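K.L.:
Once you've had a glance at the structure underneath, I'll fire off some questions.
The values are calculated or read from the model by the stated rules, or taken from the named source; none is laboratory data. What you see is a predicted model, and the numbers here were worked out from it, not measured in a lab. When we count neighbours, we look across all protein chains shown, and the Cβ atoms used for this are built from the backbone with ideal geometry, even at glycine. To get the accessible areas, we keep the full protein, side chains included, count just its heavy atoms, and leave off ligands, DNA and RNA. Shrake-Rupley method; radii C 1.70, N 1.55, O 1.52, S 1.80 Å.
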Amino acid sequence: MKKLIFPSLLATTFLVACGSDETEETSGNEAWNAIQESGTMTVATAGTLFPTSYHSEDDVLTGYEVELVREIAALLDVEVEFEEIGVDTMTQALNSGRVHLAANSLAITEEREENFDFSTPYKYSFGSAIVREDDLSGIESLEDLDGKIALGAMNTTYMQKAEEYGATPTYFDNVTNDVYLRAVENGQGDVVLNDYYLQSITVNHLSDINVQIHPTLFYDPSEQGMMMAKDEPLLLEAVNDALTQLLDDGTATALSEEFFEGYDVTELPDIDFE
């Protein structure tokens, strides 16, 4: 695979020659400069979100976004280290500089874009709901979430959605999918709102648990990308250039079909939304 080459050495020479422009040119590129200096890009991901970021049977971190990050790192000619943390902690880690990127089915929203930058979208999806099999948890529409117990992680767009419609939140801290499904099955909660592809595959793989994807409740088409701290133009450009190549040459589609059981999540599905 052809690697992307960025003119960091040329840029350094230019800055030395310009002298007074050095502060202006280097300001806001701390993450990219750190990556170039160390040769390593640190990426936050949950490690518990099948099939986009999870551990295989032999305990190797893998998944659609994990492997996509590895392909990006290869194009940028750097190593990659993953830090497995929850979504709530990812924002703190990005702001502190502890990690350079976050990759974890992160929807690109206006609220998030106020505080973070996002890469080119590489996953298009929409929301769905996991409910009990016997009565669909008494839910027919989003309005029926009022008074229900919604399960999820803090600071996710899906939990914000549930609370917007009057659901009572119960938060779990970066637990595996079976914990959520068992909690719905046994009545600890009523519903889990999340990404359709992630939920449908999870339900299929945990078929012994008496829950299902709600058959008609689909909402909020979304674009998802990698999140990074604001004002890192060189890092954003490098990641986007690599992603564009991976989308154009079919690598991203191939990874999607491998991990999402034949689905191509690089294209927005044609579906009627609530």
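K.L.:
When region 204-220 is examined, which residues are found to be of a type in the set (Val, Ile, Thr), open to solvent by 20 Å² or more (accessible area, probe 1.4 Å) and modelled with pLDDT of 95 or more?
P.N.:
213
This table checks each residue for (1) assigned to a strand (DSSP E or B); (2) more than 17 Å from the chain's Cα centre (by Cα); (3) modelled with pLDDT of 95 or more; (4) of a type in the set (A, V, I, L, M, F, W, C).
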site	(1), (2), (3), (4)
243	no, no, yes, yes
247	no, no, yes, yes
254	no, yes, yes, yes
261	no, yes, no, no
269	no, yes, no, no
272	no, yes, no, no
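K.L.:
In region 139-187, how many are assigned to a loop (DSSP other than H, G, I, E, B), open to solvent by 70 Å² or more (accessible area, probe 1.4 Å), on the phi < 0 side of the Ramachandran plot and in contact (Cβ under 8 Å) with a residue 12 or more places away in the chain?
P.N.:
Result for region 139-187: 4.
K.L.:
If the Cβ limit is 7 Å and pairs must be 6+ apart or interchain, which residue in region 241-267 that is over 18 Å from residue 107 (Cβ atoms) pairs with which residue that is of a type in the set (Asp, Glu) and outside any helix (DSSP H, G or I)?
P.N.:
From region 241-267, the pairs are 253/264; 257/264.
K.L.:
Restricting attention to region 127-137, does a residue exist that is open to solvent by 40 Å² or more (accessible area, probe 1.4 Å) and polar (S, T, N, Q)?
P.N.:
No: zero hits.
K.L.:
Looking only at region 232-244, how many residues end up being over 19 Å from residue 39 (Cα atoms) and out of contact with any Ser or Thr (no Cβ under 8 Å at 6 or more places or on another chain)?
P.N.:
0
K.L.:
If a residue counts only when it is open to solvent by 10 Å² or more (accessible area, probe 1.4 Å), in contact with an Asp or Glu (Cβ under 8 Å, 6 or more places away or on another chain) and at pLDDT below 95, which helices (runs of 4 or more DSSP H) contained entirely in region 4-123 have at least 3 such residues?
P.N.:
The qualifying helices (runs of 4 or more DSSP H) are 8-18.
K.L.:
So which residues in region 231-268 are touching a Leu at 6+ places or on another chain (Cβ under 9 Å) and open to solvent by 50 Å² or more (accessible area, probe 1.4 Å)?
P.N.:
Result: 241, single match.
K.L.:
Let me ask something else. Do you know which residues across region 188-203 are over 21 Å from the mean Cα position of the chain (by Cα) and either open to solvent by 10 Å² or more (accessible area, probe 1.4 Å) or under 18 Å from residue 63 (Cβ atoms) (or both)?
P.N.:
Once the filter is applied, which keeps residues that are over 21 Å from the mean Cα position of the chain (by Cα) and either open to solvent by 10 Å² or more (accessible area, probe 1.4 Å) or under 18 Å from residue 63 (Cβ atoms) (or both), region 188-203 yields 188, 190.
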